[in-house]
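**Student:** Dropping the structure in here first, questions after.
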Amino acid sequence: GIEQNLQQYNELIQNEFDFSAFKPICNFYKKNALNEKPWAYCRYGMLLENGIILKQDTQKAALYYKFAADQGIPIGFIYIGHAFEYGIGVSKNIQNAENYYKNVNYHKISQKKGLLYNVYELIKKYSE
């Protein structure tokens with residue numbers, strides 16, 4: 001199924017690329033997500049979902065995507081919707097997926113920055 005395909009894909013990526021350079025960024029997102037900074041929830045969830053630097057944990061990733069959506073973070077609605085659509089870390093539920101996708105329309109996503117923020121700009125903006 002899709003979980004097995006994702007696992008094979010992640011293993012291939014892990015073997016092909018050296019992610020050690022991303023460890024400081026990973027720690028940055030983890031620290032801020034654990035300190036309840038909503039903007040970090042999806043990034044940390046992506047690292048968990050894909051097993052980049054961290055041990056892969058799709059259930060925890062889905063939880064962080066939901067945290068982001070609960071805080072009104074537009075990309076959080078997309079990620080948790082995707083998780084429900086494909087059963088990644090949660091039970092597959094098309095109705096839940098549709099509900100989360102529909103909620104994206106109620107929240108503005110910056111057209112200037114798009115869905116993915118520049119990592120450097122984000123770190124610079126939220127560093128403490």
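The values are calculated or read from the model by the stated rules, or taken from the named source; none is laboratory data. Being a predicted model, the structure only gives us computed values, none of them experimental. Neighbour counts run over all protein chains shown; Cβ positions are idealised from the backbone, glycine included. We work out accessible area using only protein heavy atoms, side chains counted, and drop any ligands, DNA or RNA first. Shrake-Rupley method; radii C 1.70, N 1.55, O 1.52, S 1.80 Å.
**Student:** Would it be correct to say that Ile88 is outside any helix (DSSP H, G or I) and touching a His at 6+ places or on another chain (Cβ under 8 Å)?
**Tutor:** Yes: the conditions hold for Ile88.
**Student:** Right, next: Kindly indicate the residue of the stretch 68-79 that is at pLDDT below 90 and either outside any helix (DSSP H, G or I) or on the phi > 0 side of the Ramachandran plot (or both) and also least open to solvent (accessible area, probe 1.4 Å) among those meeting that condition.
**Tutor:** Checking each candidate, the answer is Gly72.
**Student:** (1) out of contact with any Gly (no Cβ under 8 Å at 6 or more places or on another chain); (2) at pLDDT 90 or above; (3) aliphatic (A, V, I, L, M): which one isn't true of Ile53, the others all being true?
**Tutor:** Looking at each condition in turn, Ile53 falls short on (2).
Residue-by-condition table, conditions (1) in a helix (DSSP H, G or I); (2) under 25 Å from Lys102 (Cβ atoms):
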residue: Glu36; (1), (2): no, no
residue: Leu47; (1), (2): yes, no
residue: Ala61; (1), (2): yes, yes
residue: Lys66; (1), (2): yes, yes
residue: Gly81; (1), (2): yes, yes
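**Student:** Starting from residues that are closer than 17 Å to Phe84 by Cβ and touching a Phe, Trp or Tyr at 6+ places or on another chain (Cβ under 6 Å), keep the ones in the stretch 44-66 and report whichever is surrounded by the most Cβ atoms within 10 Å (Cβ to Cβ).
**Tutor:** Tyr65
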